[in-house]
1. Counting only trypsin sites (Lys or Arg not before Pro) that sit in a DSSP loop (anything but H, G, I, E, B) with at most 13 other Cβ atoms within 10 Å, what is the longest stretch of the chain containing none of them?
2. Multiplying the sequence separation of Tyr98 and Gln19 by 0.36 nm and subtracting their Cα-Cα distance, what value in nm do you get?
3. Rounded to the nearest 0.05, what FRET efficiency do Lys73 and Ser47 give with R0 = 22 Å and r taken as the Cβ-Cβ distance? Could you check?
4. Ignoring ligands, DNA and RNA, what percent of the 1.4 Å accessible area of the chain is carbon and sulfur?
5. If I stretch the segment between Tyr86 and Ala38 completely, what's the gain in nm (0.36 nm per residue apart, minus their alpha carbon distance), one decimal?
6. So if a site counts as exposed when it's one of the chymotrypsin sites (Phe, Trp or Tyr not before Pro), its DSSP state isn't H, G, I, E or B, and it has at most 13 other Cβ atoms within 10 Å, what's the longest stretch of the chain without one?
7. Can you tell me the orientation of helix 84-93 relative to the chain, as the angle in degrees between its alpha-carbon axis and the longest Cα principal axis, to the nearest 10?
8. Radius of gyration and Dmax for the chain's Cα atoms, expressed in Å?
Amino acid sequence: NLAIVLSPVDTGLLRAANQMRVRTQGLTVTGEVFNPTAYAEPVHGGSRAHVIRPRRAKVLRFEVGGRVVFARKVTIPARRGRPWLYRALLEIAKPRGYRVSAT
(Lines give C-alpha, C1' and ligand atoms only; values in the text may rest on other atoms or scores of the structure.)
Protein backbone atom coordinates (compact mmCIF):
# COMPACT_ATOMS: atom_id res chain seq x y z
CA ASN A 1 0.00 0.00 0.00
CA LEU A 2 2.85 2.40 0.72
CA ALA A 3 4.23 1.78 -2.80
CA ILE A 4 0.90 2.95 -4.19
CA VAL A 5 0.96 6.08 -2.03
CA LEU A 6 4.58 6.89 -2.98
CA SER A 7 4.11 6.30 -6.74
CA PRO A 8 4.79 9.35 -8.92
CA VAL A 9 1.48 10.50 -10.39
CA ASP A 10 0.91 12.22 -13.70
CA THR A 11 -2.00 10.34 -15.23
CA GLY A 12 -2.31 7.66 -12.53
CA LEU A 13 -1.44 4.75 -14.85
CA LEU A 14 1.88 4.06 -13.12
CA ARG A 15 0.26 4.05 -9.69
CA ALA A 16 -2.52 1.73 -10.86
CA ALA A 17 -0.05 -0.81 -12.28
CA ASN A 18 1.82 -1.62 -9.03
CA GLN A 19 1.51 -5.35 -8.30
CA MET A 20 2.53 -7.72 -5.50
CA ARG A 21 3.38 -11.43 -5.34
CA VAL A 22 4.02 -13.51 -2.18
CA ARG A 23 5.55 -17.00 -2.14
CA THR A 24 6.19 -19.35 0.78
CA GLN A 25 8.65 -22.19 0.77
CA GLY A 26 9.02 -23.95 4.11
CA LEU A 27 9.70 -21.23 6.68
CA THR A 28 10.80 -18.69 4.07
CA VAL A 29 8.34 -16.07 2.83
CA THR A 30 9.34 -14.09 -0.23
CA GLY A 31 7.43 -11.01 -1.30
CA GLU A 32 7.79 -9.15 -4.54
CA VAL A 33 6.40 -5.71 -5.40
CA PHE A 34 6.78 -4.68 -9.03
CA ASN A 35 5.39 -2.54 -11.81
CA PRO A 36 5.18 -4.13 -15.29
CA THR A 37 4.66 -0.92 -17.29
CA ALA A 38 7.27 -0.18 -19.94
CA TYR A 39 8.21 3.18 -18.42
CA ALA A 40 8.34 2.13 -14.74
CA GLU A 41 12.07 1.31 -14.81
CA PRO A 42 13.20 4.68 -16.25
CA VAL A 43 10.97 6.51 -13.75
CA HIS A 44 12.20 4.37 -10.82
CA GLY A 45 15.90 4.22 -11.71
CA GLY A 46 16.32 7.33 -13.84
CA SER A 47 17.51 7.56 -17.44
CA ARG A 48 20.28 9.13 -19.50
CA ALA A 49 19.59 11.78 -22.10
CA HIS A 50 18.51 10.19 -25.39
CA VAL A 51 17.08 11.05 -28.81
CA ILE A 52 13.74 9.81 -30.11
CA ARG A 53 13.30 9.48 -33.88
CA PRO A 54 10.24 8.29 -35.86
CA ARG A 55 10.26 4.63 -36.88
CA ARG A 56 7.71 4.50 -39.67
CA ALA A 57 6.93 8.15 -40.46
CA LYS A 58 9.12 11.08 -41.47
CA VAL A 59 8.28 13.18 -38.41
CA LEU A 60 7.02 12.83 -34.84
CA ARG A 61 3.69 14.44 -33.95
CA PHE A 62 2.75 15.46 -30.42
CA GLU A 63 1.00 18.22 -28.48
CA VAL A 64 2.68 20.86 -26.32
CA GLY A 65 0.47 23.30 -24.47
CA GLY A 66 -2.51 22.52 -26.71
CA ARG A 67 -0.52 23.12 -29.93
CA VAL A 68 0.31 20.33 -32.38
CA VAL A 69 4.06 20.11 -32.97
CA PHE A 70 6.00 18.18 -35.63
CA ALA A 71 9.68 17.27 -35.28
CA ARG A 72 12.18 15.01 -37.03
CA LYS A 73 13.72 14.12 -33.68
CA VAL A 74 13.26 14.98 -30.00
CA THR A 75 16.02 15.06 -27.38
CA ILE A 76 14.83 13.79 -24.00
CA PRO A 77 16.93 15.17 -21.12
CA ALA A 78 18.44 12.96 -18.44
CA ARG A 79 16.12 12.30 -15.51
CA ARG A 80 16.90 11.51 -11.91
CA GLY A 81 15.23 8.35 -10.63
CA ARG A 82 12.31 8.37 -8.22
CA PRO A 83 12.65 4.97 -6.50
CA TRP A 84 9.19 4.73 -4.92
CA LEU A 85 9.19 0.90 -4.77
CA TYR A 86 12.56 0.67 -3.02
CA ARG A 87 11.66 3.48 -0.62
CA ALA A 88 8.40 1.74 0.33
CA LEU A 89 10.31 -1.51 0.87
CA LEU A 90 12.80 0.12 3.22
CA GLU A 91 10.18 2.05 5.17
CA ILE A 92 8.03 -1.02 5.80
CA ALA A 93 10.39 -3.99 6.00
CA LYS A 94 13.49 -2.66 7.82
CA PRO A 95 11.73 -1.51 11.03
CA ARG A 96 10.04 -4.91 11.26
CA GLY A 97 13.38 -6.74 11.17
CA TYR A 98 13.13 -8.18 7.67
CA ARG A 99 16.28 -8.64 5.62
CA VAL A 100 16.05 -6.51 2.48
CA SER A 101 17.69 -7.37 -0.83
CA ALA A 102 16.83 -5.50 -4.00
CA THR A 103 17.39 -7.22 -7.36
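The values are calculated or read from the model by the stated rules, or taken from the named source; none is laboratory data. It should be emphasised that the depicted structure is a prediction, and the values quoted were computed from it without experimental measurement. Don't worry about glycine lacking a Cβ; one is built from the backbone with ideal geometry, like all the others, and counts go over all protein chains shown. Protein only, heavy atoms only, side chains kept; ligands, DNA and RNA dropped before computing areas. Shrake-Rupley method; radii C 1.70, N 1.55, O 1.52, S 1.80 Å.
1. 1-47
2. The Tyr98-Gln19 span can extend by a further 26.4 nm.
3. 0.85
4. Percent of accessible area from carbon and sulfur atoms in the chain: 53.
5. Here the segment from Tyr86 to Ala38 would lengthen by 15.5 nm.
6. The answer is 40-97.
7. Around 10 degrees separate the two axes.
8. 18.4, 59
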